[in-house]
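Below is one structure, written out as structure tokens, with a few remarks after it.
Laboratory data are not the source of any read-out in this text; all were calculated from the coordinates shown. A quick note: this is a predicted structure, and the numbers were derived from the prediction, not measured. Virtual Cβ from ideal backbone geometry, glycine too; neighbours counted across all protein chains shown.
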Amino acid sequence: MLGITDPTPAADASPDGLPADAAIAREQRLARVASALGRLPPRQVAAFTLRYVEGLGLDEVADAMAVGRGTAKTHLHRALVALREELVEEEPS
């Protein structure tokens, strides 16, 4: 042939093109993160979501939460520390 590949994903690939095992692993990681987020205090969840899901800058996070920049930074830092500790603790060996 002319080097043209079939654009149809392989039978063992997910809809987003990842191999099935990689897609399953990603879904498991996302579920662990969502579960860990659910155990954080609401202000930490808000700071994390605004910053990393919505993509807001720190000043925008502070404005959205109606708190000072330092307070928003503290909520975000505490969320990251708690998530890191919990997710490393849960990580399969």
Query raised in the report: Hey, what do the phi angles of the stretch 67-81 turn into as Karplus ³J(HN,Hα) couplings, whole Hz, using 6.51/-1.76/1.60 and θ = phi - 60°, x for Gly and Pro?
Result: 10, x, 4, x, 5, 4, 4, 5, 4, 5, 4, 5, 5, 5, 4
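Less than 11 Å Cβ to Cβ from ARG69, Lys/Arg counted +1 and Asp/Glu -1: what total charge do the surrounding residues give? Working shown, then result.
Numbers: positive: LYS73; negative: ASP59, GLU60, ASP63.
Result for the local shell: -2.
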**Report entry** 3J(HN,Hα) from dihedral phi, the stretch 44-52, Karplus parametrisation 6.51/-1.76/1.60, rounded to Hz, x for glycine, proline
**Finding:** 5, 4, 4, 4, 4, 5, 4, 6, 9
Requested in this report: Run the quick spin-label model on ARG84 and ARG39: label points 7 Å from Cα toward the beta carbon, then report their separation in nm to one decimal.
Outcome: 1.7
Query raised in the report: What ranking do 35-43, 69-77 get when scored by the average of other Cβ atoms within 10 Å per residue, highest first?
Result: 69-77, 35-43
Report task. List, in order, the whole-Hz ³J(HN,Hα) value for each residue of the stretch 17-25 obtained from phi through the Karplus relation with A = 6.51, B = -1.76, C = 1.60 and θ = phi - 60°; use x for Gly and Pro. Result -> x, 6, x, 3, 5, 5, 5, 5, 4
